[in-house]
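Some notes on the structure that comes next.
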Amino acid sequence: MSIIQTIILAIVEGLTEFLPISSTGHLIVASSLMHIEKEEFTKLFEIAVQLGAILAVVVLFWKKFFDFSRIKFYIKLLIGVIPAIILGFLFSKKIDALLESPKTVAITMLIGGIILLFVDNLFKNQTIDHENEISNGKSFAIGVWQCLAMIPGTSRSAASIVGGMQQKLTRRVAAEFSFFLAVPTMLAATGYKLLKAYKENPAMLHSHENLKALLVGNAVAFIVAMIAIKFFIGFLQKHGFKLFGYYRIIASIVLLILISKGIIE
């Protein structure tokens, strides 16, 4: 994987991680279009580059993350991440297999796009307009919704935001809580993959080229994610999900055509 390919994948990650359009799906497609071989390090990179995006959330919302007097906030995040940790551990191999399937991504993006066209009309009477009003039970329910993102193409952001709105959160609060919940969820997933990779093949993480790719990739993902998060919250409050729904539908159709033509395998 060249440095240019590394930067492109990092930009894709930063742009799509917190938008409801599936970062994993876009990374799979980008890798396929650039003919990047699915080697052990490439698979690891697509997970590890999320660390840069995670850091963007922590920096943007640092007052919440480092106010240690708000114990309830941390408890909510821990409760919310429990479903993903359990299911991720139980179905790790099946999830890894799905991550290599562009066709799965295309179909899931299509279904998700259709759903997003109707989300704004489905959830109109939202009553929770502050993170403090989110109960532990609602945190767990949103965490369960988030698990849908284990299917590539679903979008962790879309699943957790829709789950939040189903639990009566306003769009803004649902989006922000989705970002907060991403931190422990993605840290757990990335940490597990890095630890597993180090145990199975320590030389892979001792490689100068691989370390350089991880550092550059995460730095680029951090910068791009900062911009994407600021844009998304404002856009979502004003316009809702419909445009993202249309994007997903168009992207899925294009992807299915590319697969049928053999351009993406």
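The values are calculated or read from the model by the stated rules, or taken from the named source; none is laboratory data. Here the structure is a predicted model, which means the values were calculated and not measured. Reconstructed Cβ throughout: ideal geometry from the backbone, glycine too, with neighbour counts over all protein chains shown.
Results, tabulated for the structure shown:
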item	result
Qualifying positions in the range 49-71 - more than 10 Å from residue 221 (Cβ to Cβ) and of a type outside the set (Val, Ile, Thr)	60, 61, 62, 63, 64, 65, 66, 67, 68, 69, 70
Selection status of residue 12, free of Cβ contacts under 8 Å to residues at least 24 places away in the same chain, in contact with a Leu (Cβ under 7 Å, 6 or more places away or on another chain), surrounded by 15 or more Cβ atoms within 10 Å (Cβ to Cβ) and not acidic (Asp, Glu)	yes
Residue count for the range 25-42, restricted to those that are surrounded by 18 or more Cβ atoms within 10 Å (Cβ to Cβ) and either among the small types (Gly, Ala, Ser) or without any contact (Cβ under 8 Å) to a residue 24 or more places away in the chain (or both)	6
Pick from the range 29-56, criterion modelled with pLDDT of 85 or more and not in a helix (DSSP H, G or I), ranking: farthest from residue 192 (Cα to Cα)	34
Residue match in the range 238-254 (condition: of a type in the set (Lys, Arg), in contact with a helix residue (DSSP H, G or I) (Cβ under 7 Å, 6 or more places away or on another chain) and not in a loop (DSSP other than H, G, I, E, B))	yes
Residue under evaluation residue 5, criteria (1) over 17 Å from the mean Cα position of the chain (by Cα); (2) closer than 19 Å to residue 147 by Cβ; (3) crowded, with 18+ Cβ neighbours inside 10 Å, criterion not met	(2)
Qualifying residue in the range 112-132 (condition: of a type in the set (Lys, Arg) and over 15 Å from residue 166 (Cα atoms))	no
Residues located in the range 131-145, provided they are in a loop (DSSP other than H, G, I, E, B) and either modelled with pLDDT under 90 or crowded, with 16+ Cβ neighbours inside 10 Å (or both)	134
Selection count where residues are assigned to a helix (DSSP H, G or I) and buried (at least 17 other Cβ atoms within 10 Å of the Cβ), scope the range 118-130	1
Filter pass, residue 94 being modelled with pLDDT under 90, of a type in the set (D, E, K, R) and assigned to a helix (DSSP H, G or I)	yes
Residues that are of a type in the set (A, V, I, L, M, F, W, C), under 22 Å from residue 56 (Cβ atoms) and at pLDDT below 85, drawn from the range 1-28	28
Criterion (buried (at least 17 other Cβ atoms within 10 Å of the Cβ), aromatic (Phe, Trp, Tyr), over 25 Å from residue 135 (Cβ atoms) and in contact (Cβ under 8 Å) with a residue 40 or more places away in the chain) met by exactly one of 91, 65, 45	45
Residue match in the range 9-19 (condition: of a type in the set (Phe, Trp, Tyr), at negative phi, in contact with a helix residue (DSSP H, G or I) (Cβ under 8 Å, 6 or more places away or on another chain) and assigned to a helix (DSSP H, G or I))	no
Inter-residue pairs, beta-carbon under 7 Å, first closer than 10 Å to residue 251 by Cβ and in the range 107-118, second in a helix (DSSP H, G or I) and of a type in the set (S, T, N, Q), 6+ apart	109/252; 110/252; 113/252
Condition met for residue 180 (in a helix (DSSP H, G or I), closer than 22 Å to residue 3 by Cα and among the aromatic types (Phe, Trp, Tyr))	no
